[in-house]
Each structure stands twice: as C-alpha cells, then as structure tokens.
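Worksheet: the structure to be examined is printed underneath.
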Amino acid sequence: MRHDFVVVGAGVSGLTSALLLAQNGYSVALVEKSDRTAPLLRGFSRGGVRFDTGFHYAGGIGAGEPLDVFFRYLGLSDRLSCFPFDARGFDTFRNLREGFEFRFPAGYGPLRENLMEAFPAERSAIESYLRAVRSAIDSVPYLNLDAPLDPKGALERVFGSTLAEKLDSLTGDETLKSVLSTHCLLYGVPPEEVSFLQHACIVGSYYLSANGIQGGGLSLATAFDARLEELGVEIHRGVGVASLSVAPEGVLRGVRLDDGKELRCGGAVVTVHPRTMLDMVPEGAFRPAYKTRIRGLEDTVSAFTLYSVSDLPLPVLAGRNLFVLPSAGSIRNLGNRPLEEGPLYVTAAYARPDDAPRGFIGIFPALPETTRAWDDSATGNRPGSYRRFKEGIAGRMEHLVKRYCPELGEATACAEVSTPLTVRDFGNAPSGGLYGVKHKVGQYNPVPLTRVKGLYLAGQAVTSPGILGAALSGFMACGNILGHDRLIKGLKACR
Ligand SMILES: Cc1cc2nc3c(=O)[nH]c(=O)nc-3n(C[C@H](O)[C@H](O)[C@H](O)COP(=O)(O)OP(=O)(O)OC[C@H]3O[C@@H](n4cnc5c(N)ncnc54)[C@H](O)[C@@H]3O)c2cc1C
C-alpha cells in the first residue's frame, strides 16, 4: 500500500505531524524505532512511584496560550487534564554562595513585581528584559498567530546576540543575570552560547503560565495514541527507518525499514536527530556542504539524574521546581564542571496523581564525554566498572541533594540513576544530548524544507526543545504541505 506521507519518529514532533496530516485528509504511516510511541514521555516506575523522563511541566498551556491552542487543534485537549503550578512561585532559584532565593511567579506582571522587589536598583534592566522577551516570542509565527512568516527570525537565532551578551548590555548585577539565565537548564545550552531570541521563545512561554499534566508525560502519550487511532494512522512500532528511497531526479518515493519492508509514499516528515536523518539519505541526495553542516552540529548537554523515593510526602515540591546554583556563575559552561560546581534541577515524582509527591528527580547537567569509556556497551550488558562508576555518581548526587535541599528531608532513598549513556540508548539520541541539537549563535540548524522533493524535517533541532517547541516544529513542517494560511486559520478558530 502506498501512503500519502510517512512520518519518521513518534516523539512529540512526529506525533504532531502525523495528526496534522491525517486530520487534514492524508493517509499517514508513523514509524517509531522504540517499542512504544513517545518513548521519551512515558517515564517509568520504581517503588510505587512514577518518574517522568521527558516531561515535567509546560509553559504556554494556559487557556488561549500557544500550546493550549495547538492541543485544541490536534484534538488532544479533552483527553488531558492540566493543573497550574504554584502561581506565587512555580520555580525557585537558589544561589548557595550568596544565600539568595528568588521565586518565579506565574504571569509577566507578577514576575516584573517580584524581580523589582528583589533587585530595586535594576528596574530599567528588568523592564527592558521582559519587554524584549515578549517582543521576541511575539515575532514567532504560530506562537503568535498574527506574526508574519518571516525568515529573519531564523537568522537572528544564528547571528543575533547571545543571552549573556543581552544581559551584559542591560545590567552589571551578576545575581540578576544568573536568575534570568536559570532556565537554560530547560534547553541545555549555556547563556554564553544560546541566542537571546531562542531563550526568549522558550522562557517566554513559562513566564505566561506553568502547568503540569495529571499523570505526567504518560497521559500526554496516551492522548496522542488515542487520537492517532481515531484518525486511522498506521503505526509501525519497534522498527526503525533504515533508509529513504530517493528517485534519481531527487524526489522521495518511500522509506525502507530495518526489517527490510518498504513503505512507498508521496512524502515524508522526518523528526529524528539530524545526523540520524543524514544516515538515511542516499549518497548524492544532499550537497556535500549541507552534509558537512549537519554532521558538525553540536548537541545539547547531557545529564546524570537521581530518581529518589520518599517515605514521607514532599508537599514542598507540589507544583514547584527547584533550581540550585552553587554560585552565580555556575550556569555558564554548562555540564563542563564537576557535579559539585554545576547547577541542579529538582522536580516532583508522584505515587498517585492527586496526592502530594512521594519522590523527586534531581538532574545534574554533564557532558557525554563523562561516560565515553563505556560507549561500546549496551543497556543490560554494561561492565562492572560502569556499575561502580554509577554507584559513585549516585552517592555524590544524594549527598549534594541533601546539602542543597534540606527541605526534602532525610526519608528519601535512591531508586534509580541515569547517565548520558541512558539518555543515548533509551532516547535514541546519538550522543546522549538531553535536548538533541543545540540552538546557539553561530550554528545554523536545519529548516523544514530540504533539497529532496517531498522530504520535510521537523523535531526539536528545527525549532526548539520542549513540548511546545517540538509541536511547533510539526506545524512549521506541515505548514509547507498543507499551507500555513490553512493551519493558522484553523488554529485561530481554536483560540
Ligand atoms: C530529562 C528531560 C526532561 C524534560 N522535561 C521537559 C519538560 O518538563 N517540559 C517540556 O516541555 N519539555 C521537556 N523536555 C524536552 C522534551 O521532552 C523534548 O524536547 C521533546 O519531547 C522532543 O520531541 P521530538 O519529537 O523533537 O524528539 P524525540 O522525542 O527524540 O523524537 C524522535 C523519535 O524518533 C525515534 N527514532 C530515532 N531514530 C529512529 C529511526 N531510525 N526510525 C524511527 N524512529 C526513530 C526516537 O525513538 C524518538 O522517539 C525534557 C527532555 C528531557 C530529556
């Protein structure tokens, strides 16, 4: 059977693309290498506690905000139950050296007030920063349904100022700079590399609102699955795409799966890591310069993660995250420091969705190089030296969390640890980067259109990481197929 489109990869971007094409009348096949769709979102359970992996909270999902409108258009909203994080302080920033704390409240107005109260001498810097964030996010098509489709934004991300440069131009207050750079942990690129525009597009949605989803990422994955079934999308799980078939005249005509099966199609939306995509394309389909550029893309930081269960409820984490920095400069050079000198992100884990948290997840950024010695090993078959290394890391992480976050109490115990190799192998992420390819000044990421007719790219590498960014990439890619005007009109009707 020939499909109109094959979508490669069933993460949020692939799921979004499959739904968009199917609900606009195309026959669609979706191929996912893992045994289940949305592997990154499903999390796992230990000791009766469910730990999320690729989703903890979302920005811009309040009523009428961009992600809410996307989910309405995709037919997911009625299947999801969102709950607001603590409006008075959904994210707490803690600087240990200065004994300073700042809580991010929901909404631009309250955020402005809290910042001005904490940094009274920096009023004009705070005004300028928040104005610039709003205007950046307003310039992005689909995030703002009235913004023109203008390629200038893509150039600004490559040639514009970095976040650090922007903050340096506004203030000399290092503590304020580190507060405003905290959310670099949400996209894995340090402030001295990420463009201000990219930073603004991600944090700007959290400044609007911060929400969780009852049941976490698993509920989101389940909602996508139900909608795929409703629309009759053909799903191939547990088998990857090995190669794309491209006719000599440069037109895509099908995809070949790892088991040898060929799916013929009129077009494909490929959402995997760009280097993985390159390996699928026949020699000669892309120009050498394009291939060199894609091969050279730098990946985001990876992490060591501690998953702990608690004998006692942890109400301090209900609807709240903690970002801990040993000092104001710890957010720079992200990942390239000993655990003791880098930042820590702590978020809740639940035994039952409507109870207080019964565990936590502590994420310590780290470079993939830290586990290079075991690169050739596979899950379930790692050598003893790796297990001993992991135990050592677990002990250090437990010690640091106890020191940094005494409010989590003494009744916690390590239930699981993940390393950059875990991220690589469970997420099918080539180098173990948490959020795929970096978006940084000086790096030109791929765009949805390619030289091969019928081949479109989506995924966090194309737009930005996060559920919002990945979904946005699906709209951007499919807008080229369905017509941006048509999609935007449909989205406007869902506002
Ligand atoms: C620890 C962590 C915490 C996070 N927390 C949040 C959060 O709280 N809020 C938020 O908004 N975002 C969060 N994110 C980011 C968010 O999860 C991602 O940005 C988003 O899910 C990426 O979606 P994607 O579709 O672009 O990529 P992916 O989910 O990586 O999708 C690509 C898919 O392609 C599949 N694949 C790979 N190779 C092949 C092949 N050859 N054939 C077929 N399929 C293949 C992969 O298995 C994968 O399922 C977090 C990420 C991590 C790692």
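Rg/Rh for segment 359-405 (Cα atoms only, Rh after Kirkwood) is 1.02.
Computed extension length for R403-E174: 80.1 nm, one decimal, from 0.36 nm per residue of separation with the Cα-Cα distance subtracted.
Suppose the chain between N381 and E410 were pulled fully straight at 0.36 nm per residue; how much longer would it get relative to their current alpha carbon spacing? Computed gain between N381 and E410 is 7.2 nm. With the convex hull drawn around the C-alpha atoms of segment 374-495, the volume per residue stands at 215 Å³. Quick one: check the C-alpha center-to-center distance for segment 20-99 versus segment 168-228, whole angstrom. The distance from the Cα centre of segment 20-99 to that of segment 168-228 comes to 13 Å. For segment 483-495, 3J(HN,Hα) computed residue by residue from phi via the Karplus equation (6.51, -1.76, 1.60; θ = phi - 60°) reads x, 4, 4, 5, 5, 5, 4, x, 5, 4, 5, 9, 5 Hz, glycine and proline entered as x. Stretching the chain fully between L155 and R134 yields a gain of 5.7 nm (0.36 nm per residue, less the alpha carbon separation).
With the helix formula -39500 (n - 2.57) applied to DSSP H stretches of n ≥ 4, the chain reaches a computed 222 nm mean residue ellipticity of -10500 deg cm²/dmol. May I ask for the distance between the Cα centers of segment 391-462 and segment 298-363, given as a whole number of Å? Result: 13 Å between the Cα centres. Among M476, M277, the sequence by solvent-accessible area, most first, with a 1.4 Å probe is M476, M277. The fraction of accessible area contributed by carbon and sulfur in the chain is 50 percent, rounded to a whole number (1.4 Å probe; ligands and nucleic acids excluded). Taking the alpha carbon gyration tensor of segment 252-372, multiplying each eigenvalue by 5 and rooting it gives semi-axes of 40, 23, 11 Å, largest first. Once the Cβ-Cβ distance of D146 and Q214 is raised to the sixth power relative to R0 = 35 Å, the FRET efficiency obtained is 0.65. With Rh defined as the Kirkwood radius, the inverse of the mean 1/r over Cα pairs, the Rg/Rh of the chain is 0.95. Sorting the segments 56-68, 428-440 by their mean number of nearby beta carbons within 10 angstrom, highest to lowest, gives 428-440, 56-68. Please label the shape of segment 351-435 as rounded, prolate or oblate, based on the square roots a ≥ b ≥ c of the eigenvalues of the alpha-carbon gyration tensor (a/c under 1.5 means rounded; beyond that, a/b larger than b/c means prolate, else oblate). Taking the square roots of the gyration eigenvalues as a ≥ b ≥ c, segment 351-435 is prolate. Evaluated with a Cβ-only charge set (Lys, Arg +1; Asp, Glu -1), segment 71-127 carries a dipole of roughly 200 debye about its Cα centre, given to the nearest 20. Under a model in which nothing but the beta-carbon of Lys, Arg (+1) and Asp, Glu (-1) is charged, segment 204-319 shows a dipole of about 460 debye around its Cα centre. Pop a pseudo-label 7 angstrom from the Cα along the beta-carbon direction at both D258 and K492 and give the gap in nm to one decimal. Taking the two extended label points, one gets 4.5 nm. Charge dipole (Cα centre; +1 on Lys/Arg Cβ, -1 on Asp/Glu Cβ; no other charges) of segment 1-160 amounts to roughly 460 debye.
Note on the chain: dipole from Cβ charges, positive end direction compared against F426, S243, A223; the farthest Cα belongs to S243.
In the chain, if the dipole is taken from +1 on Lys/Arg beta carbons and -1 on Asp/Glu beta carbons about the Cα centre, which of G266, L482, P338 is farthest to the positive end? Toward the positive end, the furthest listed residue is G266. Pairwise alpha-carbon distances in segment 43-139 exceed 15 Å for 74% of all pairs. Here the label points at N336 and A121, each 7 Å from Cα along the C-beta direction, are separated by 3.1 nm in the simple model.
Heavy-atom accessible surface of the chain, averaged per residue, reaches 39 Å², computed with a 1.4 Å probe. Between the listed residues S178, A147, A200, the Cα displaced farthest toward the positive end of the dipole of segment 123-200, a dipole computed from Cβ unit charges relative to the Cα centre, is found at A147.
Between T292 and M1, the distance separating the two model label sites (each 7 Å from Cα on the Cα→Cβ line) works out to 4.5 nm.
The values are calculated or read from the model by the stated rules, or taken from the named source; none is laboratory data. Being a predicted model, the structure only gives us computed values, none of them experimental. Ideal geometry is used to build each Cβ from the backbone, glycine not excepted, and the neighbour counts take in all protein chains shown. For accessibility, only protein heavy atoms count, side chains too; no ligands or nucleic acids. Shrake-Rupley method; radii C 1.70, N 1.55, O 1.52, S 1.80 Å.
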